[in-house]
Amino acid sequence: MANTPSAKKAIRKIAARTAVNKDRRSRMRTFVRSVEEAIAKGDKAEATVALKAAEPEIMRASQRGVVHKNTASRKVSRLAQRVKALA
């Protein structure tokens with residue numbers, strides 16, 4: 001348990017940062033889910049629109065340190081591949 005004032009403040013800061021990161025990660029996952037649902041339906045037009053909305057959201061999460069830059073790029077690349085594969 002934290003005893004010093006600085007350690008107590010650090011705990012408060014970590015809790016606040018965790019909440020913000022959790023919201024950012026959740027938002028990113030929601031956008032990714034919308035792309036995956038469009039792909040599952042087989043609707044290429046809807047999937048393309050969803051991907052265009054999801055890509056900046058994923059990259060924003062990487063810039064904010066929620067996910068690693070390479071992880072974000074890999075997610076975007078794999079989603080784009082799946083959208084492109086729709087006939």
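Laboratory data are not the source of any read-out in this text; all were calculated from the coordinates shown. Bear in mind the structure is a predicted one, so any value in this text is a computation, not a measurement. Please note: Cβ atoms are built from the backbone with ideal geometry, for glycine as well, and neighbour counts cover all protein chains shown.
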Applying the selection to the range 30-50, what residues are under 30 Å from Ala16 (Cα atoms) and touching a residue at least 24 places away in the same chain (Cβ under 8 Å)? Phe31, Val32, Val35
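For the range 6-42, what are the residues that are hydroxyl-bearing (Ser, Thr, Tyr) and within 30 Å of Ala80 (Cα to Cα)? Explain how you work it out, then say what you get.
Our first condition is that a residue be hydroxyl-bearing (Ser, Thr, Tyr); within the range 6-42, this holds for 6, 18, 26, 30, 34.
Of everything in the range 6-42, those that are hydroxyl-bearing (Ser, Thr, Tyr) and within 30 Å of Ala80 (Cα to Cα) turn out to be Thr18, Ser26, Thr30, Ser34.
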Between residues in the range 10-29 that are touching a residue at least 24 places away in the same chain (Cβ under 8 Å) and residues that are surrounded by 10 or more Cβ atoms within 10 Å (Cβ to Cβ) and not hydrophobic (A, V, I, L, M, F, W, C), which pairs lie under 6 Å by C-beta distance while being six or more apart or on different chains? Arg24/Arg64; Met28/Glu57
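Looking only at the range 4-41, filter to residues that are over 30 Å from Arg74 (Cα atoms) and of a type in the set (Val, Ile, Thr); which one of those is surrounded by the most Cβ atoms within 10 Å (Cβ to Cβ)? Please lay out each step first, then the result.
Looking only at the range 4-41, we keep the residues that are over 30 Å from Arg74 (Cα atoms), and these are 4-13.
Narrowing further to those that are of a type in the set (Val, Ile, Thr): 4, 11.
Details: Thr4: 8, Ile11: 12.
So the residue we want is Ile11.
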